[in-house]
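J.: I have a structure I would like to understand better, so I am pasting it below and will then ask my questions one at a time.
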Amino acid sequence: MSEAIVRVENLYHRYTTQWAVQDLSFDVKGRGVLGLLGANGAGKSTTMNIICGVLNQTSGSIYINGIDLRKDPIGAKQHIGFLPQKPPLNPDMTVDEYLTFCANLRRMRGPAVKKAVQAAKERCGIDHFSKRLLRNLSGGYQQRVGIAQAIVHGPEVVVFDEPTNGLDPIQIVEIRHLIKEIAVDRSVILSTHILPEVQLSCDDIVMINQGKLVFSGTIEQFDNYIAPRSLLVVFNAAPGLDTLKAIPAVESVDKLTEKRFRIFFSDPSGIVERMVRLSVEGNWGIQEIALEKGSLDEVFAYLSGKTVKS
Ligand code: ATP
């Protein structure tokens, strides 16, 4: 019925009296990583838990590979893997025992189980720890086992809820790489607070604020969401401040050094061309010119309804 691997349609969820998700709709299509962003309490975990079928929505629909999750939960869940914020690991099982158990839970039987466990271990780089008890693995390797259980049944979409939380910087880089690799041949939905991680890992972004959708688009669109408001210019022979301030659309000018200026403007269209033309006409000799756009932090704060710092 749909080309989307995950379709979220008019989703609402209420905990007792409080709405955690309201009228949320978005699609996850194709391969790659979709970042699910939002401030603390925005509704990310609630949305992920509903998509993965571990929480029942108040209303609205989830389709996984075209299958209505409410009408056919077993059929829909075969296409999805989930690593919740706290990996559901049994510390007294070995890696092999645990992954076999997870494959069985996914209704896999017979020789297919051994093959799937082996493939998941190889994919996640934990093959050499097959007989190790989970309690004796480092945090990073426990997370790899958590990822292996999420992909053991070969799902088309995998959901990771803050997968690098609590890991050291080296483990964070490794897990980030692993997630990118996993997303080469399937869709990944990744929830995270860490904006540099978003820039490094995500192809598309869905952002929610107070349970409502505030952004859906590519990482480039997210990055460029706040139009540039200033230019950084270095002149060889800088004109006077009054000359710069008189340029159409220029609002104010900060003189940073004798040659370096930050020029704030009201409208970015044509500002670079205008500056270059005037520089040629006036022999100001532009050495450097760069538009300064809003950072990811600023976009995130703006979409979260917080003040954007200037
Ligand atoms: P975080 O980044 O802090 O994990 P989140 O974006 O994942 O936050 P949710 O955990 O989905 O947000 O919570 C959304 C809202 O629902 C919050 O206001 C939260 O306090 C509330 N909430 C979450 N779980 C429950 C629950 N079991 N009972 C009542 N309220 C809840």
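The values are calculated or read from the model by the stated rules, or taken from the named source; none is laboratory data. Predicted, not measured: the structure shown is a model, and the values here were computed from it. Counting neighbours? That spans all protein chains shown, and the Cβs are built from the backbone with ideal geometry, glycine included. Side chains included, ligands, DNA and RNA excluded: accessible areas come from the protein's heavy atoms. Shrake-Rupley method; radii C 1.70, N 1.55, O 1.52, S 1.80 Å.
J.: Considering only residues that are among the acidic types (Asp, Glu) and either within 9 Å of the ligand (Cβ to nearest atom) or in a loop (DSSP other than H, G, I, E, B) (or both), which ones fall in the stretch 36-77?
T.: The one that is among the acidic types (Asp, Glu) and either within 9 Å of the ligand (Cβ to nearest atom) or in a loop (DSSP other than H, G, I, E, B) (or both): Asp72.
J.: State all residues of the stretch 21-35 that are assigned to a loop (DSSP other than H, G, I, E, B) and within 16 Å of the ligand (Cβ to nearest atom); if no residue qualifies, say none.
T.: none
J.: Let me ask something else. Residue under question is Thr100, and the condition is that it be away from the ligand (no atom under 16 Å from the Cβ) and either of a type outside the set (A, V, I, L, M, F, W, C) or assigned to a loop (DSSP other than H, G, I, E, B) (or both); does it hold?
T.: Yes, satisfied.
J.: Please go through the stretch 205-214 and pick out each residue that is open to solvent by 20 Å² or more (accessible area, probe 1.4 Å) and either of a type in the set (Phe, Trp, Tyr) or under 18 Å from Gly294 (Cα atoms) (or both).
T.: Answer for the stretch 205-214, where residues must be open to solvent by 20 Å² or more (accessible area, probe 1.4 Å) and either of a type in the set (Phe, Trp, Tyr) or under 18 Å from Gly294 (Cα atoms) (or both): just Val214.
J.: Evaluate the following for Thr17: is it farther than 27 Å from Glu220 by Cβ, in the same structural domain as Asp161 (by TED's automatic domain parsing) and within 12 Å of the ligand (Cβ to nearest atom)?
T.: It is true that Thr17 is farther than 27 Å from Glu220 by Cβ, in the same structural domain as Asp161 (by TED's automatic domain parsing) and within 12 Å of the ligand (Cβ to nearest atom).
J.: Continuing with this model, one more query. Let me confirm something: among Gly294, Gly305, which residue is outside any helix (DSSP H, G or I), modelled with pLDDT under 90 and crowded, with 17+ Cβ neighbours inside 10 Å?
T.: Checking each option against the conditions leaves just Gly294.
J.: May I ask you to verify whether Glu174 is open to solvent by 20 Å² or more (accessible area, probe 1.4 Å) and within 11 Å of the chain's Cα centre (by Cα)?
T.: Judged against the criteria, Glu174 is not a match.
J.: Could you list, in sequence order, all residues of the stretch 5-38 that are open to solvent by 80 Å² or more (accessible area, probe 1.4 Å) and not charged (D, E, K, R)?
T.: Tyr15, Thr16, Thr17, Gln18, Trp19
J.: Same structure, new question: Restricted to the stretch 187-201, and to residues that are buried (at least 19 other Cβ atoms within 10 Å of the Cβ) and away from the ligand (no atom under 16 Å from the Cβ), which residue is modelled with the lowest pLDDT?
T.: Ser201
J.: Within the stretch 139-171, track down each residue that is open to solvent by 10 Å² or more (accessible area, probe 1.4 Å) and within 15 Å of the chain's Cα centre (by Cα).
T.: Glu162, Asn165
J.: Within the stretch 79-102, identify whether any single residue is aliphatic (A, V, I, L, M) and closer than 30 Å to Gln18 by Cβ, and answer yes or no.
T.: Yes: one or more hits.
J.: Looking at the stretch 112-123, can you tell me whether even one residue there is assigned by TED's automatic domain parsing to the domain that holds Glu197, in a loop (DSSP other than H, G, I, E, B) and aliphatic (A, V, I, L, M)?
T.: No, because not a single residue in the stretch 112-123 is assigned by TED's automatic domain parsing to the domain that holds Glu197, in a loop (DSSP other than H, G, I, E, B) and aliphatic (A, V, I, L, M).
J.: As an exercise: evaluate Asn90 against (1) touching a residue at least 60 places away in the same chain (Cβ under 8 Å); (2) surrounded by fewer than 16 Cβ atoms within 10 Å (Cβ to Cβ); (3) touching a Phe, Trp or Tyr at 6+ places or on another chain (Cβ under 8 Å) and give the number of the one condition it does not meet.
T.: Unmet for Asn90, out of (1) touching a residue at least 60 places away in the same chain (Cβ under 8 Å); (2) surrounded by fewer than 16 Cβ atoms within 10 Å (Cβ to Cβ); (3) touching a Phe, Trp or Tyr at 6+ places or on another chain (Cβ under 8 Å): (1).
J.: Here's another thing I want to ask about it. I'm trying to understand the selection: among the residues of the stretch 255-280, which are basic (Lys, Arg) and within 17 Å of Asn236 (Cβ to Cβ)?
T.: Of everything in the stretch 255-280, those that are basic (Lys, Arg) and within 17 Å of Asn236 (Cβ to Cβ) turn out to be Lys255, Lys259, Arg260, Arg277.
J.: Could I ask something else about it? Give me the pairs: first residue in the stretch 51-63 and under 21 Å from Leu34 (Cα atoms), second residue buried (at least 20 other Cβ atoms within 10 Å of the Cβ) and among the small types (Gly, Ala, Ser), beta-carbon distance under 8 Å, and six or more apart or on different chains, which are they?
T.: Gly53/Ala76; Ile62/Ala76; Tyr63/Ala76
J.: Checking the structure you have, find out if any residue of the stretch 217-224 is away from the ligand (no atom under 16 Å from the Cβ), of a type in the set (A, V, I, L, M) and open to solvent by less than 80 Å² (accessible area, probe 1.4 Å).
T.: Looking through the stretch 217-224, at least one residue is away from the ligand (no atom under 16 Å from the Cβ), of a type in the set (A, V, I, L, M) and open to solvent by less than 80 Å² (accessible area, probe 1.4 Å).
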